[in-house]
Amino acid sequence: MFTFEPSAVLRDVTLRDGLQLTGGLLSTKRKLAIIRSLLSFGVESLEIGSMARPDLVPSMANTLDVLTELTPDEQARCWVWVATPRHVERAAAAGARNFQYCFSATDAHNQANIGRTTEASLAAMPAAVEIARAVSGQIQLCIATSFTCPFDGQVAPERVLEIARDERALGASHVVICDTLGQAVPAQVSSLITRVRLETPVREIVFHGHDTWGLGVANTLAAISAGATMVDGALGGLGGCPFAPGASGNTASEDVLFATRPSWVTPAGFGSVVRLTEGLLTELGEPNRSKAAQGARSPAKAFDWVM
């Protein structure tokens, strides 16, 4: 089976970023079933919720309930979105050990998304790192709007590098570079990931992409080639930021899996992921934006990947 080299881990973010703009709410039981199905299929990493205010992002209201039901082995493969030390503290008390500490490269988006300046978020990060370390956890530095901001436009690469080099973020295990609006092109992604790898402290690099302009998979492959070791996707291309006008869904997990062919993905296993997606999207009343999932339902039966 052909695989994409170099390889990277897919982190499925359906239950966090994927649900932020959906009208339908999923119960704790349903979220747990999705988590356990994806883990059983072989998906190596998941982002399963957010500590965002439930009045602003209602679909995340039961994140703590989900966390408390996960086993330690499941927690080891799951991440939760946080934006303050208090978020880390509350998530850790529920069993979380992997935290994605997120803020924006621009003040305008950070104010809209988190209600504070970028500097305030960065200043609070050392406290968040200490709380994560106290429970033997790991915490990521997640830089939203790394390429463009819905309010300020283009973001200079130097701004992202400045944040990634800041000594207050040195306790992070990973740095997450986010194409929040899906407006980047592969050359931009490759350039910024390369510069982060070469010009900032040594950490794992994650790429979080959206498919707004149809380049989600191309940007993901560019990020992997440039040194990203983890990439984000959501089932069926679900997702988008409620505080980022113009952003559409995440790069579809199915499209990333079909393009990269990790060793655990077989045509039969891919079909299981597609079926899970179809059931979820029907439940939520959302369209399936994954080209690979659509291809899996094509009449070209001689192709192994067609269901």
Of the residues that make up segment 134-149, is at least one of a type outside the set (S, T, N, Q) and in a helix (DSSP H, G or I)? yes
Take Val274 and decide whether it is in a loop (DSSP other than H, G, I, E, B) and not charged (D, E, K, R). no
So, of the residues in segment 201-241 that are closer than 18 Å to Ala187 by Cβ and among the β-branched types (Val, Ile, Thr), which turns out to be nearest to the chain's Cα centre (by Cα)? Val231
Could you go through segment 224-236 and let me know if any residue there is touching a Cys at 6+ places or on another chain (Cβ under 6 Å) and either within 29 Å of Ala123 (Cα to Cα) or at pLDDT 95 or above (or both). no
Scan segment 3-22 and give yes if some residue there is aromatic (Phe, Trp, Tyr) and over 21 Å from Glu283 (Cβ atoms), otherwise no. yes
Answer yes if at least one residue in segment 264-278 is at positive phi and either over 18 Å from the mean Cα position of the chain (by Cα) or not small (Gly, Ala, Ser) (or both), and no otherwise. no
Under 22 Å from Val231 (Cα atoms) and part of a loop (DSSP other than H, G, I, E, B): which single residue out of Ser263, Ser298 fits that description? Ser263
So Ala105, is it farther than 18 Å from Ser45 by Cα and surrounded by fewer than 23 Cβ atoms within 10 Å (Cβ to Cβ): no
Identify, from the list Leu181, Leu192, Leu161, Leu122, the residue that is surrounded by 15 or more Cβ atoms within 10 Å (Cβ to Cβ) and assigned to a loop (DSSP other than H, G, I, E, B). Leu181
Selection within segment 164-178 - within 12 Å of Gln100 (Cα to Cα), touching a helix residue (DSSP H, G or I) at 6+ places or on another chain (Cβ under 8 Å) and part of a loop (DSSP other than H, G, I, E, B): Ala172
Pick out, from segment 44-109, the helices (runs of 4 or more DSSP H) lying fully within it that include 1 or more residues that are more than 23 Å from Ala127 (Cα to Cα). 63-69, 72-75
Considering segment 28-59 alone, what residues qualify as being of a type outside the set (A, V, I, L, M, F, W, C), buried (at least 18 other Cβ atoms within 10 Å of the Cβ) and either modelled with pLDDT of 95 or more or farther than 17 Å from Glu283 by Cα (or both)? Lys31, Ser45, Glu47, Gly49, Ser50
List the pairs whose first member sits in segment 198-222 and is touching a residue at least 40 places away in the same chain (Cβ under 8 Å) and buried (at least 24 other Cβ atoms within 10 Å of the Cβ), whose second member is of a type in the set (S, T, N, Q) and part of a strand (DSSP E or B), and whose Cβ atoms are under 6 Å apart, counting only residues at least 6 apart or on separate chains? His210/Asn250
Residue check, Leu235 against (1) surrounded by fewer than 19 Cβ atoms within 10 Å (Cβ to Cβ); (2) more than 22 Å from Ile163 (Cα to Cα), all met but one. Which one? (1)
Looking at the structure I just gave you, is Thr106 out of contact with any Cys (no Cβ under 8 Å at 6 or more places or on another chain) and polar (S, T, N, Q)? no
Filter result (closer than 13 Å to Thr22 by Cβ and exposed (fewer than 12 other Cβ atoms within 10 Å of the Cβ)) within segment 280-307: Thr282, Gly285, Pro287
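Yes or no, residue by residue, for (1) among the hydrophobic types (A, V, I, L, M, F, W, C); (2) more than 27 Å from Thr84 (Cβ to Cβ); (3) at pLDDT 95 or above; (4) in contact with a Lys or Arg (Cβ under 9 Å, 6 or more places away or on another chain):
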position: Val155; (1), (2), (3), (4): yes, no, yes, no
position: Leu161; (1), (2), (3), (4): yes, no, yes, yes
position: Asp166; (1), (2), (3), (4): no, no, yes, no
position: His174; (1), (2), (3), (4): no, no, yes, yes
position: Ala184; (1), (2), (3), (4): yes, yes, yes, no
position: Gln188; (1), (2), (3), (4): no, yes, yes, no
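The values are calculated or read from the model by the stated rules, or taken from the named source; none is laboratory data. Since the structure is predicted, the reported quantities are computational estimates derived from the model, not experimental observations. Every residue, glycine among them, receives a Cβ derived from its backbone with ideal geometry; neighbour counts consider all protein chains shown.
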